[in-house]
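One structure is given below, encoded as structure tokens.
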Amino acid sequence: MQAFETHTGLAAPFPVENIDTDVIIPMGPLMMTPRARLGEKAFLPLRFREDGSDNPDFVLNRPEFRGASILIAGRNFGCGSSREGAVHALQGMGLRVIVAPTFGDIFYGNCIKNGVLPVQLDDTEHARLMQVAIDANGGAEFGADLPRQVLTLPDGTEIPFDIDPGHKSRLLAGLDEIGITETYKDAIAAWQAADRKAHPWIWAIEGSA
Amino acid sequence: MSNGTLFGKLWNRHLILTNPEGLDLIHVDRSLLTDLSGTVGLEEMEEDGRKVANPALHAAMPDHVIPTGREDTPQQAKLRERFVRNLDRLSVQQGIRHFGRGSGRQGIVHVVGLEQGFTLPGATLVCGDSHTSTHGAVGALAWGIGSTEVKHVLATQTLWMKRPKTARVWLDGSLKRGVFSKDLILWLIGELGADFGREHAVEFAGPAIDALSIEARASLCNLGVEMGARFALIAPDEKTFAYHRGRPYVPDGELWESALEDWRTLHSDVTAIFDKEVRLDVSDVTPQITWGVSPEHVTGRGGAVPAEGAESGALDYMGLCAGQSLIGLPVDYVFIGSCANSRIEDLRIAADIVRGQQVAGGVTAWVVPGSEAVKQLAEAEGLADIFIAAGFEWREPGCSMCNAVNGDLVAPGKRAVSTSNRNFVGRQGPNARTHLASPATAALCALAGEIRIAEPEAAICPAG
Ligand code: SF4
């Protein structure tokens, strides 16, 4: 998996609430598209008009924001379906950092597992960042520094953010989780042996077809 | 620390260790594999040449992609080849039980897990599908995961998790006749918002929950995730145990007795401390229907769209104006199905309303039973005949028009009343307009050919 440490780039303001993963990547295109090309289908329902042409109203279609790599999103971003392709699609269109007041829980976890930094800010800080991104209009760079847990505005002002230490270390290391877990295989085996005794009805299924 | 909550007890029971960064390694007792995330997870295992750690703790079945009609279109045949066949092939290869079409056990994972007794009180259960919260209805600790996590569970039978906070939604009072658990949960989402449960495990409790049947609780927990709760949970009670007894994967004899003794301890203590708690009275809840593109865009006030505060994008998409009433809007599709409402009780409720009547002209009305077991039972009870005589299409089990990736979809710009759980933009097909409601409301709308909502007093079925 891709590690995340620091990043600078353009920030696109996208102040819409409850953007669900069906909007980020509809299931039909997700199933028919190889992972490497999912970025072409990200935000499909918002990005294109019915005739297939670009929808000029969608923020990431506007020339100022074409190369944006930081998305300032609205409340409950990534709610809905568990599809991990939503994160792959955002990555595929070049997004590395998503900032929102709140995220869908499963989407948040999927970001961590794929090296995309999800930054949760309280409403006031979020509103301020949103305003700065709107005013900058794609003309200035924003920064994200995970080790120091700060976002940097174009004028150099820093906005600190919180992140769970476990999530932080996974993002920084970018390691394969299965490999990490396998180093604990004795502990897992011991737990299972004890649980077979404590809760044998859970394990009775091993004997059935 | 469990703080005496049911969630805490179940979490601690499955905690293998906590790493230095504070992530918990949790044991997974059961996993369900769908023909989407399950297939992908198994394919990745194959690519890496990995063996599944504990094959007996998984069950695989096609639901999302498998077509529900009689014949495949070329597109459906292609999807079947890639997703449905591969799930079967890789399950067999890894020694995982697979419930294929015709096995008598195939169906939507969240219907099958419960009805087969694969889901047990007190067990952890995961699936690469967000509606895994459904299984909390019987006191399982169940949550939806992404496909990287599916692979992790296949390889290690564990997951790294950050311990969520706990919340309790305590519901007093009792539902009126003609108001169902689907109405209750839609109302709750409207009251509390689509992100109320974010970062929390939400326990539903109180007299109004006690009164619900297990299947009604399943519908409620199913939509728990639509209020942001990755974990929805209801303490198991005697109803739960009566529901479980004798199901195929539930142990019997001495094991049943010791399980029962343990399951009776699975509830939050009276002294339990939750991070967040709300208490509401459900006595005045009316039948609910959504007007917008999030489940929190819901109305119980006689179908009225809010006059103020409605997001204009949502209204445009739905072809509605602020302040208007939904009542009387022509309906093109009615879909009774999905893991929210495709169980036998749902079909009984809908069939009672439909009996002896006709679907209105111009309405495409489908009933898609949640599993082969539900389908067989509904046929034996004569429910299928009622639907078919009324002009409904009676289809094979699967997710069908809930997710529209299997070729079953609502045509662009058309209006659907659906018993599913998501009214997102494009969810039921590009530009499809979805109104979520209970099976009773969906049945009424099919007969009327327009949106109707029953007055609770006038309803014919007991709350369930
Ligand atoms: S019925 Fe719908 S919500 Fe349920 S598992 Fe299938 S696609 Fe998901």
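Here, each number is a calculation from the coordinates, and none is a lab measurement. Nothing here was measured: the structure is a model prediction, and the numbers come from that model. Here the Cβ positions follow ideal geometry from the backbone for every residue, glycine too, while neighbour counts run over all protein chains shown.
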**Message:** If amide hydrogens are placed 1.01 Å from N in the peptide plane, which non-local residues have theirs closer than 5 Å to the one on residue B:436?
**Reply:** B:290, B:418
**Asked** So what are the ³J(HN,Hα) numbers for the stretch A:143-154, from phi and the Karplus equation (6.51, -1.76, 1.60; θ = phi - 60°), rounded to whole Hz, Gly and Pro as x?
**Response** x, 9, 10, 6, x, 8, 6, 9, 9, 10, 7, x
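Ignore the peptide's own chain and count Cβ atoms of other chains within 10 Å of each Cβ in B:141-152; give me the average, rounded.
Shielding by partners across B:141-152 averages 5.
Against the empirical 2.2 N^0.38 Å scaling, what ratio does the C-alpha Rg of the protein assembly as shown come to?
On the way: Rg = 23.7 Å, N = 673, 2.2 N^0.38 = 26.1 Å.
Its radius of gyration relative to the 2.2 N^0.38 Å reference: 0.91.
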**Message:** As a test, work out the antiparallel percent of DSSP beta bridges whose residues both lie in chain B, rounded to the nearest 5.
**Reply:** 25 percent
**Item:** Under Karplus coefficients 6.51, -1.76 and 1.60, residue-wise ³J(HN,Hα) of the stretch A:73-90 in Hz, glycine/proline x
**Value:** 9, x, 3, 6, 5, x, 6, x, 4, 7, 3, 6, x, 4, 5, 4, 5, 5
**Item:** Choice from A:164, A:54, A:176 showing the highest fluctuation, given a GNM over chain A with Cα pairs closer than 10 Å
**Value:** A:164
**Asked** If you rank B:342, B:213 by fewest surrounding Cβ atoms within 10 Å, what's the result?
**Response** B:213, B:342
**Complete:** Two pseudo-spin positions, 7 Å from Cα along C-beta at residue B:92 and at residue A:49, lie apart in nanometres by 5.1 nm
**Item:** For chain B: relative contact order, % (alpha-carbon pairs under 8 angstrom, 6 or more apart)
**Value:** 18 percent
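Based only on other Cβ atoms within 10 Å, what is the fewest-to-most ordering of B:371, A:53?
Details: B:371 30, A:53 9.
The most exposed by this proxy come first: A:53, B:371.
Nothing charged except the Cβ atoms of Lys and Arg (+1) and of Asp and Glu (-1): what's the magnitude of the dipole of the stretch B:115-184 about its Cα centre? Round to the nearest 20 debye.
Values: 8 positive and 5 negative charges, 53 e Å.
Once rounded to the nearest 20, the dipole reads 260 debye.
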**Complete:** Listed by chain and number, the lysines with an alpha carbon less than 30 angstrom from that of residue B:165, same-chain partners under 8 positions apart left out, are A:113, A:168, A:185, A:197, B:9, B:151, B:182, B:239, B:276
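Within the protein assembly as shown, what percent of beta bridges assigned by DSSP are antiparallel, to the nearest 5? Kindly include the intermediate steps, with their values, before the conclusion.
Values: 25 of 78 bridges.
Roughly 30 percent of the DSSP beta bridges within the protein assembly as shown come out antiparallel.
Which shape class, rounded, prolate or oblate, goes with the stretch B:289-460 when its Cα gyration tensor gives a ≥ b ≥ c as root eigenvalues, a/c under 1.5 marks rounded, and past that a/b bigger than b/c marks prolate?
prolate
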**Item:** Whole-Hz couplings from phi, Karplus 6.51/-1.76/1.60, listed for the stretch B:268-274; x for Gly and Pro
**Value:** 6, 5, 4, 8, 4, 10, 9
**Request:** Calculate the spin-label point distance for residue B:388 paired with residue A:36, positioning each point 7 Å from the Cα along the beta-carbon direction, and give it in nanometres.
**Result:** 5.0 nm
**Request:** Two decimals is fine: what is log10 I(q)/I(0) at q = 0.11, 0.14 Å⁻¹ for the stretch A:83-209, from a Debye sum with one equal scatterer on every Cα and no solvent?
**Result:** -0.56, -0.76
**Fill in**
Applying the gyration tensor rule to the Cα atoms of the stretch A:6-175 (axes a ≥ b ≥ c; rounded if a/c under 1.5, else prolate if a/b exceeds b/c, else oblate), the class is oblate
**Item:** Those residues of the stretch A:27-45 whose amide nitrogen sits under 15 Å from the label point placed on residue A:61, 7 Å along Cα→Cβ
**Value:** A:40-45
**Request:** May I ask you to sort B:47, B:372, B:226 by Cβ crowding, counting other Cβ atoms within 10 Å and putting the fewest first?
**Result:** B:47, B:372, B:226
**Prompt:** Mind listing P(r) for chain B? All alpha-carbon pairs, 10 Å bins, whole percents.
**Reply:** 4, 22, 32, 27, 13, 2, 0
**Fill in**
Given backbone amide H placed at 1.01 Å from N, residues whose amide H is under 5 Å from that of residue A:48, ignoring those fewer than 5 places away on the same chain, are A:55
